[in-house]
Structures are given as structure tokens and as C-alpha cells.
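Take a look at the structure set out below.
The values are calculated or read from the model by the stated rules, or taken from the named source; none is laboratory data. These figures come from a predicted structure and were not determined experimentally. Cβ placement follows ideal geometry from the backbone for every residue including glycine, while neighbour counts extend to all protein chains displayed. Ligands, DNA and RNA are excluded from the accessible area calculation, which covers all protein heavy atoms including side chains. Shrake-Rupley method; radii C 1.70, N 1.55, O 1.52, S 1.80 Å.
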Amino acid sequence: MKGYAMLKIGESGWIEKDVPKCGPLDAIVKPLAVAICTSDVHTLWEGAIGDRHDMILGHEASGEVVEVGSEVKDFKPGDRVLVPAITPDWNSLEAQAGYSMHSGGMLAGWKFSNFKDGVFSEFFHVNDADGNLAHMPEGMDPADACILSDMVPTGFHAVELADVQFGDTVLVVGIGPVGLMSVAGAALRGASRIIAVGTRPVCVEAAKGYGATDFISYKDGPIDEQVMELTGGKGVDRVCMAGGGVETFEPAVKCLKPGGKIGNVNYLGSGDYVNIPRVEWGVGMGHKDIRGGLMPGGRLRMEKLSSLVTAGKLDLHPEVTHLFHGWDRIEEALFLMRDKPADLIKPVVAID
Ligand code: NAD
Ligand code: ZN
């Protein structure tokens with residue numbers, strides 16, 4: 001089979017590999033659509049997870065089951081499925097402890113294009129099919145379904161980590177495809193005011209649609225100062241971090257109210273330390289929580305999040321700004337994600 005792979009840091013191309021083998025609990029799936037992620041860019045061009053050789057890229061897909069193992073109960077060849085980017089081992093001790101995403105070690109629930117070949121391939125392997133796949137709802141567009149692999153569960157995880165409550169004022173740092181889903185998630189959780197950090201018109205429009213009420217730019221001076229001005233010196237109850245780098249934590253802590261919470265899902269690709277401002281952190285006693293996490297994967301989460309779409313409470317369309325058709329467009333879509341033109345939110349490739 002052919003797949004689009006990271007050949008080494010900074011180099012990618014098509015390669016030939018054997019079709020993966022299906023264990024008794026597993027499934028082999030062929031993609032119906034795949035989406036390119038900023039994490040693919042971090043992996044390939046920044047070497048953020050270290051060197052990988054001839055590893056097929058991609059972790060966002062919807063697909064059709066072509067083979068299942070002898071122990072798989074709920075899926076069969078021909079089923080159309082949602083595939084989470086994170087596919088934990090559900091019988092691991094970490095999963096039993098409530099941290100499925102770290103099953104097998106820190107971040108090890110992230111298997112596609114990290115510890116094994118990813119989804120930019122004619123066929124890909126899904127471990128624990130009953131625990132990780134979900135049936136694609138009737139009538140859902142496979143291209144939209146890709147957004148459920150990672151963007152929705154990750155953006156919403158920032159909201160979960162920040163523990164957004166009714167009436168909260170929430171700051172969302174970064175309104176790329178992940179941050180937009182944090183805006184949507186915060187609105188669904190009952191935030192009253194959602195201040196978004198971002199200025200690209202396409203993202204601002206989408207963020208308004210998802211419930212953002214105010215906009216600021218990190219290019220117009222320190223975020224915390226702008227937030228303090230907007231909130232009459234009070235600050236925010238919650239912060240969702242979905243953009244920027246290690247430097248975003250300092251302003252976030254500064255404009256967070258005592259008792260406030262920061263939920264980070266941003267992949268910190270460089271810098272050795274995160275600076276926490278001592279005084280604004282209440283000299284260590286401010287009850288300002290900082291939490292960061294890889295999104296939980298798995299079937300239940302996929303089913304619940306997709307039910308928001310089928311119930312008409314979450315629209316995935318505004319996320320997909322660039323829809324390509326056919327295998328041979330994957331490279332173009334990947335390079336587009338790296339170069340991030342002003343009109344881009346998310347590139348998706350439908351495998352017609
Ligand atoms: P993106 O690059 O499309 O969006 C990030 C946005 O942040 C951009 O619009 C950028 O302009 C903005 N930004 C840059 N510097 C900023 C600053 N200093 N302050 C505020 N905003 C700033 O990325 P994305 O696809 O939306 O993904 C966001 C992050 O989430 C990436 O780092 C990605 O790797 C990560 N991610 C994490 C998980 C997880 O499970 N935790 C999953 C998927 C992606
Ligand atoms: Zn992703």
C-alpha cells in the first residue's frame with residue numbers, strides 16, 4: 001500500500017509499505033477523508049517528537065472498516081467510522097486511573113504518526129476497535145467527520161481542563177481550528193463572555209459564529225493588559241490555551257482571577273521552561289490552577305461529541321476552509337497547513 005510519510009525531520013514523500021496486520025481486538029480501516037493538523041507540522045518540520053524515519057503521517061481521519069479481529073463485537077467490514085486521533089489501550093492501568101491518553105506512558109495514547117504509521121495511507125490499523133472506533137452518524141459528511149478526530153475533542157478538552165462554569169468570562173488564546181472549538185465548547189458550557197485572541201478575518205468570523213464576544217490581538221501589546229482593560233481591571237475566570245508558545249502562560253496568569261483556571265492543550269514545541277509570574281500567582285497562594293493535557297480519545301467521547309453535531313448544537317462546516325479531492329492532494333494540503341495562508345483554518349482531503 002502507499003502512504004505519505006515523514007522520511008526524516010524536514011523531509012516527506014510517498015512510500016510503499018505492507019498493509020498492517022489486524023490483531024484479534026483490532027480493525028483495519030481505509031480512510032474516506034483525512035485532515036492535516038498543526039501537530040503534523042510540528043512533527044515533520046520541527047522534529048518536536050524527535051526523529052522518525054519512513055513513518056506515515058496523519059492522525060485525523062474518518063473511514064470505512066475493511067477488516068476486524070476475531071474478538072471485535074460492534075464493528076464489521078463496510079461500517080463507516082469516526083476515528084479519534086488518540087486511541088488508548090483501555091485495559092491499561094493508566095486508563096483505569098482516568099488518564100487513558102497516557103496509556104503505556106506519557107502521551108502514549110497518541111499512536112498514529114507517533115509510535116506507529118498514521119492515517120495518510122491506503123489502510124491504517126486501529127487498536128482496540130470496540131473501545132476506540134465510533135459509528136459515523138447517518139448523513140454525516142466524511143470530510144466534516146475528520147474534525148471530530150482531534151479538533152473538537154482537543155478544543156473541548158481545554159474547556160474541560162479550565163472547568164468553565166455558567167456565566168464565566170473566558171479568554172481563549174489562539175483561534176486556529178483548535179481554539180475555535182474551545183470557543184464553541186466554552187459557549188456550550190455557559191460562558192457569558194468569551195474573549196478571543198486572534199485577528200485573521202476568517203478566524204474572527206468563525207469565532208463570532210461559535211460565540212466569541214470580544215477580540216484582541218497579541219500583536220497590539222501584552223494580552224493581560226488588554227484583558228484587564230476590557231474587564232474593568234477584574235480579569236477572567238478561565239483561560240483556554242490553544243495557540244502561541246511558552247510565553248503565553250505569563251500573561252494568562254496575570255489576567256486570571258484568584259481561583260481561576262487555565263486549561264492548556266497547546267503543543268509547546270520549543271523552549272525549555274514555562275515562566276509563571278510569582279507575584280501575580282499570588283506568591284504561590286493565588287489558587288490559580290494551570291492544567292495541561294492531551295485530549296482523551298476513545299469511542300464514548302466520539303459518540304458524545306458527534307451527538308452534538310447531529311443534534312444541531314455544533315456546526316463543523318466553518319472549520320473546513322480548504323477541501324481537496326483525491327490522494328495526490330495530501331502533500332499540497334500538508335504544505336498549506338505549514339504555510340498557513342490568511343484564509344486557512346483547516347485543510348481536509350476527501351479520498352474519492
Ligand atoms: P494554529 O496554528 O492553526 O492556531 C494557533 C493560533 O494561535 C494561530 O491562529 C496563531 O496566529 C495564534 N497565535 C500564535 N501566537 C500567539 C500568541 N502569542 N498569542 C495568541 N495566539 C497566538 O493551530 P491549531 O491547529 O489550532 O492547534 C493549536 C495547538 O494545539 C497546536 O500547538 C497543536 O499542535 C495543538 N494540538 C494539541 C492537541 C492535544 O491533544 N493537546 C491536539 C491537536 C493539536
Ligand atoms: Zn491533530
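If Leu323 satisfies all but one of (1) away from ligand 2 (no atom under 16 Å from the Cβ); (2) out of contact with any Lys or Arg (no Cβ under 9 Å at 6 or more places or on another chain); (3) part of a helix (DSSP H, G or I); (4) open to solvent by 30 Å² or more (accessible area, probe 1.4 Å), what's the number of the condition it fails?
That leaves (3) as the condition not met.
Report yes if Arg278 is modelled with pLDDT of 95 or more, more than 16 Å from ligand 1 (Cβ to nearest atom) and farther than 30 Å from Met136 by Cβ, otherwise no.
Criteria met by Arg278.
Could you list, in sequence order, the residues of the range 123-172 that are at positive phi, more than 19 Å from the chain's Cα centre (by Cα) and not assigned by the TED database to the domain that holds Asp18?
Gly167 - this is the single residue of the range 123-172 that is at positive phi, more than 19 Å from the chain's Cα centre (by Cα) and not assigned by the TED database to the domain that holds Asp18.
Return only the number of the condition from (1) among the β-branched types (Val, Ile, Thr); (2) in a strand (DSSP E or B); (3) within 9 Å of ligand 1 (Cβ to nearest atom) that Ile195 does not satisfy.
Of everything listed in (1) among the β-branched types (Val, Ile, Thr); (2) in a strand (DSSP E or B); (3) within 9 Å of ligand 1 (Cβ to nearest atom), Ile195 misses just condition (3).
Please find, within the range 326-352, the residue that is least open to solvent (accessible area, probe 1.4 Å) out of those that are of a type in the set (A, V, I, L, M, F, W, C) and away from ligand 2 (no atom under 16 Å from the Cβ).
Ranking the qualifying residues of the range 326-352, first place goes to Ala350.
Please work out if His135 is closer than 26 Å to Tyr267 by Cα and open to solvent by 60 Å² or more (accessible area, probe 1.4 Å).
The answer is no for His135.
Among the residues of the range 165-192 satisfying the criterion of being open to solvent by 20 Å² or more (accessible area, probe 1.4 Å) and part of a helix (DSSP H, G or I), which is nearest to ligand 2 (Cβ to nearest atom)?
It comes out as Val178.
Are there any pairs, at least 6 apart or on different chains, whose C-beta atoms fall under 6 Å, with the first in the range 84-95 and under 8 Å from Gly109 (Cβ atoms) and touching a residue at least 40 places away in the same chain (Cβ under 8 Å) and the second part of a loop (DSSP other than H, G, I, E, B) and away from ligand 2 (no atom under 16 Å from the Cβ), and if so, which?
Within 6 Å, the pairs are Thr87/Asn127; Pro88/Ser103.
Are any residues in the range 84-100 surrounded by 21 or more Cβ atoms within 10 Å (Cβ to Cβ) and either within 14 Å of ligand 1 (Cβ to nearest atom) or of a type in the set (Ser, Thr, Tyr) (or both), and if so, which ones?
Those that are surrounded by 21 or more Cβ atoms within 10 Å (Cβ to Cβ) and either within 14 Å of ligand 1 (Cβ to nearest atom) or of a type in the set (Ser, Thr, Tyr) (or both): Pro84, Ala85, Ile86, Thr87, Pro88, Ser100.
When Gly263 is evaluated against the numbered criteria (1) within 16 Å of ligand 1 (Cβ to nearest atom); (2) open to solvent by less than 30 Å² (accessible area, probe 1.4 Å); (3) assigned by the TED database to the domain that holds Ile49, which criterion, by number, is the only one it fails?
(3) is the only condition that Gly263 fails.
Inside the range 101-128, can you point out the residues that are closer than 17 Å to Pro142 by Cβ, hydrophobic (A, V, I, L, M, F, W, C) and open to solvent by 30 Å² or more (accessible area, probe 1.4 Å)?
Phe123
Considering only residues that are open to solvent by less than 10 Å² (accessible area, probe 1.4 Å), within 16 Å of ligand 1 (Cβ to nearest atom) and closer than 13 Å to Asn114 by Cβ, look in the range 5-59 and name the one that is farthest from the chain's Cα centre (by Cα).
Met6
Among all residue pairs at least 6 apart or on different chains, which show Cβ distances below 6 Å where the first residue, located in the range 222-240, is among the acidic types (Asp, Glu) and the second is at pLDDT 95 or above?
Close Cβ pairs satisfying both conditions: Asp224/Pro251; Asp224/Lys254; Asp224/Cys255; Asp237/Asp168; Asp237/Thr169; Asp237/Lys257; Asp237/Gly260.
Among all residue pairs at least 6 apart or on different chains, which show Cβ distances below 7 Å where the first residue, located in the range 136-165, is within 20 Å of Tyr99 (Cα to Cα) and the second is among the β-branched types (Val, Ile, Thr) and part of a helix (DSSP H, G or I)?
Met151/Val178; Thr154/Val178; Gly155/Val178
Quick test of your reading of the structure: His157 fulfils all but one of (1) within 13 Å of ligand 1 (Cβ to nearest atom); (2) modelled with pLDDT under 95. Name the failing condition by number.
All conditions are met except number (2).
Look at the range 210-225 and say how many of its residues are out of contact with any Lys or Arg (no Cβ under 6 Å at 6 or more places or on another chain), of a type outside the set (A, V, I, L, M) and closer than 17 Å to Thr169 by Cα.
Of the residues in that region, 5 qualify.
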